[in-house]
Amino acid sequence: MNEFETGKYQSGDSAMAWTGQAERLRCLIARAFAAVSATCGAFEWIALGYLGLSSVLVALFAENLAHPARLLSTQAAVAALILLVCRAGAKTSNQFDKGGTAFSSKFWHFGRHWYPHLFFLFCFEELGRLVHLVDPGWQDAKLIAFDRWLTGVNPSLWSEHLARPALTEFMEFSYFTYFVYLVILGGVLYFERDREAYWSVMTYSAIGYVFGYVIAMLVPAESPWFTLAGQWHGQLTGGPFTALIALIEKYGRVHGAAFPSQHVAGAMAALWGAWRHRRWLFWIFLPFVACMCVSTVYVRNHYVADVLGGMVTGTLGYFLGRRLMKRSSAIGSEAGAPSSKI
């Protein structure tokens, strides 16, 4: 065998070895991805799907954003954290189910079930940077025109003649109740260990919110608080809840993302979830949710159109979520944990 033929065979052996290593690496990656994805359920499908869609939109309309690369890297990091929490929760699930008292098992079990609240908060705050992703202007004039067509007045300005400190305090309290509906319902289901109902409620909320997030990117609205600034005769005054809401909005208010109202969408998804899974809680929530819907207009944060839009997206989240939760893999695997228990 001459040198040329020897080199040829050696080259062929190297190519085969490289191909074999590449195939083994591909199999390892595939197995790792399958192991992680098996821990994900319907909520994660929606959450990761939204992050993927918004990342594509950021890449397509990067010229409209100040720091598109930073947004993309942040979204990738959030997606990775979701997968990490799901995987860690699955690994410690058996220990928790057997009554394990280790801090790590309790920490990851709790984090696995309650991280959705932080995800919703992240997405809403991020909308402040994505609101002009597609449209550089504001669409408030159209929403104001719709309100006038529907009610004959500008409701945010009209309601000012009703303002009294006691009424303002009640309305601010009603507005604040948005923050507790999903926490209360989720808490009841979590501590009663109704795993299927718990993740159903989170999925209803996720779908309703995602509809709202996407619409907010396509129909940017800054809310009456900004659009009608200077047209009121004074600030709303009240008591401790008025001060609390002012503090929350001082550090967490998003300029834009008013249509549809995420407050109303989240409340509607939780309300529908209570109707299906804990009917007694539905009847407790109902009057508070009704007052909250009115309060969003009174406290100058939303148009009537925003409220109606939130009612629609929250309701869509419930009905589409119910269909999605019928799939056998809708609740992520937790290392053999029973499908009906947390």
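Of note:
- All of Q235, Q231 fail the test of being without any contact (Cβ under 8 Å) to a residue 12 or more places away in the chain and either crowded, with 17+ Cβ neighbours inside 10 Å or farther than 30 Å from H109 by Cβ (or both), apart from Q235.
- Taking the criterion of being basic (K, R) and either within 30 Å of L218 (Cβ to Cβ) or touching a residue at least 24 places away in the same chain (Cβ under 8 Å) (or both), the residues of the stretch 247-285 that qualify are K250, R253, R276, R278.
- Of everything in the stretch 229-273 that is among the aromatic types (F, W, Y) and not in a helix (DSSP H, G or I), the residue that is modelled with the highest pLDDT is F259.
- Checked against (1) touching a Phe, Trp or Tyr at 6+ places or on another chain (Cβ under 8 Å); (2) touching a residue at least 60 places away in the same chain (Cβ under 8 Å), K106 passes all but condition (2).
- Criterion (touching a residue at least 12 places away in the same chain (Cβ under 8 Å), farther than 25 Å from I331 by Cα and either part of a helix (DSSP H, G or I) or in the same structural domain as V134 (by TED's automatic domain parsing) (or both)) met by exactly one of F211, F226: F226
- Taken together, the criteria place G186 among residues that are modelled with pLDDT of 95 or more and not aliphatic (A, V, I, L, M).
Per-residue answers, yes or no, for (1) in a helix (DSSP H, G or I); (2) charged (D, E, K, R); (3) at pLDDT 90 or above:
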residue	(1), (2), (3)
L81	yes, no, yes
Q95	yes, no, no
F119	yes, no, yes
E126	yes, yes, yes
R148	yes, yes, yes
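- Options F288, F319, F282: the member that is in a helix (DSSP H, G or I), surrounded by fewer than 24 Cβ atoms within 10 Å (Cβ to Cβ) and in contact with a Ser or Thr (Cβ under 7 Å, 6 or more places away or on another chain): F288
For every residue, the table says whether it meets (1) of a type outside the set (K, R); (2) modelled with pLDDT under 95; (3) within 23 Å of A221 (Cβ to Cβ).
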| residue | (1), (2), (3) |
| --- | --- |
| W138 | yes, yes, yes |
| R164 | no, yes, no |
| L182 | yes, no, no |
| F191 | yes, yes, no |
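- Some residue of the stretch 123-137 being closer than 20 Å to A42 by Cβ and of a type outside the set (D, E): yes
- Candidates L185, L162, filtered to the one that is touching a residue at least 24 places away in the same chain (Cβ under 8 Å) and closer than 19 Å to W232 by Cβ: L162
The values are calculated or read from the model by the stated rules, or taken from the named source; none is laboratory data. Everything quoted here is computed from the prediction, not taken from an experiment. Heads up, the Cβs are rebuilt from the backbone with ideal geometry, glycines too, and the neighbour counts pull from every protein chain shown.
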